[in-house]
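This report refers to the structure that appears directly beneath it.
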Amino acid sequence: GAGVSQTPSNKVTEKGKYVELRCDPISGHTALYWYRQSLGQGPEFLIYFQGTGAADDSGLPNDRFFAVRPEGSVSTLKIQRTERGDSAVYLCASSLMATDTQYFGPGTRLTVL
Amino acid sequence: GENVEQHPSTLSVQEGDSAVIKCTYSDSASNYFPWYKQELGKGPQLIIDIRSNVGEKKDQRIAVTLNKTAKHFSLHITETQPEDSAVYFCASWGYQKVTFGTGTKLQVIP
């Protein structure tokens, strides 16, 4: 399909483990965003990429969270030493340029036991 | 940072009636205001948006109004249908970053 895809759709891990969440944006979209959505809340901004570089990572909650986009397309969100409070749906969105229409992926539901 | 408040948190309407959801924002520099519909297990989907140089925008049964002076904007859905049932989020864009409201769960009763 031509939309944003995210893998895995669900991830269950144990406290203290390392996880990687993947986002495949729409081809040609230079802007890519990661969000975290807790139950009953709106998406919360984590990080924004313009091309390969992180233009704004002010939403990352702490240094256990890191994201990369080495070739300006696929992005990976990495979480070290997971905690139960990290449990949420992690959403990715892409757009042609910043503040253009964002297209969201279906999200990855992360559960930390 | 930007603060976006959204009301009501839940809304039930009879099929065919109108639904209105309201949001306020705090950053006077915000200039782009999209609305999203999110169905269970899916990511948010853009349904309509408005930029700060426009006061109103309409797309079939959906309209958005913006009052920049008062810093509030509203979503209006007319002739509601059961398939409109979902969670709706407003959002406000400042410089390169967006802040979402807390969502409104709309239930359209057949």
### Task
Tell me which residues, restricted to the range A:25-45, are in contact (Cβ under 8 Å) with a residue 40 or more places away in the chain and surrounded by 17 or more Cβ atoms within 10 Å (Cβ to Cβ).
A:P25, A:I26, A:H29, A:T30, A:A31, A:L32, A:Y33, A:W34, A:Y35, A:R36, A:Q37, A:P43
### Summary
Selection over the range B:56-110 where residues are crowded, with 19+ Cβ neighbours inside 10 Å, more than 13 Å from the chain's Cα centre (by Cα), assigned to a strand (DSSP E or B) and at pLDDT 95 or above yields a count of 1
#### Entry: Where a residue in the range A:85-113 is hydroxyl-bearing (S, T, Y) and its partner, wherever it lies, is crowded, with 21+ Cβ neighbours inside 10 Å and in a loop (DSSP other than H, G, I, E, B), with Cβ under 6 Å and at least six apart
A:S94/A:V4; A:S94/A:P25; A:S95/A:Q102; A:Y103/A:V4
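Has the range B:10-17 got any residue that is touching a Phe, Trp or Tyr at 6+ places or on another chain (Cβ under 6 Å) and modelled with pLDDT of 95 or more?
At the first step, the residues of the range B:10-17 found to be touching a Phe, Trp or Tyr at 6+ places or on another chain (Cβ under 6 Å) are none.
No, the range B:10-17 has no match at all.
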### Query
Restricting attention to the range A:69-78, does a residue exist that is under 18 Å from A:V19 (Cβ atoms), out of contact with any Pro (no Cβ under 8 Å at 6 or more places or on another chain) and outside any strand (DSSP E or B)?
yes
### Query
Considering the range B:70-96 alone, what residues qualify as being in contact with a strand residue (DSSP E or B) (Cβ under 7 Å, 6 or more places away or on another chain) and without any contact (Cβ under 8 Å) to a residue 40 or more places away in the chain?
B:S85, B:Q96
### Message
I need the full set of residues from the range B:57-110 which are away from chain A (no Cβ under 14 Å), charged (D, E, K, R) and closer than 17 Å to B:Y36 by Cα, in order please.
### Response
B:K58, B:R61, B:E83, B:D84
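Could you tell me which of the residues A:V4, A:V68 is closer than 26 Å to B:Y95 by Cβ and more than 9 Å from chain B (Cβ to nearest Cβ)? Steps first, please.
Details: A:V4 fails: more than 9 Å from chain B (Cβ to nearest Cβ).
Matching residue, one of A:V4, A:V68: A:V68.
The values are calculated or read from the model by the stated rules, or taken from the named source; none is laboratory data. Bear in mind the structure is a predicted one, so any value in this text is a computation, not a measurement. Methodologically, a virtual Cβ is constructed for each residue, glycine included, from the backbone with ideal geometry; neighbour enumeration extends over all protein chains shown.
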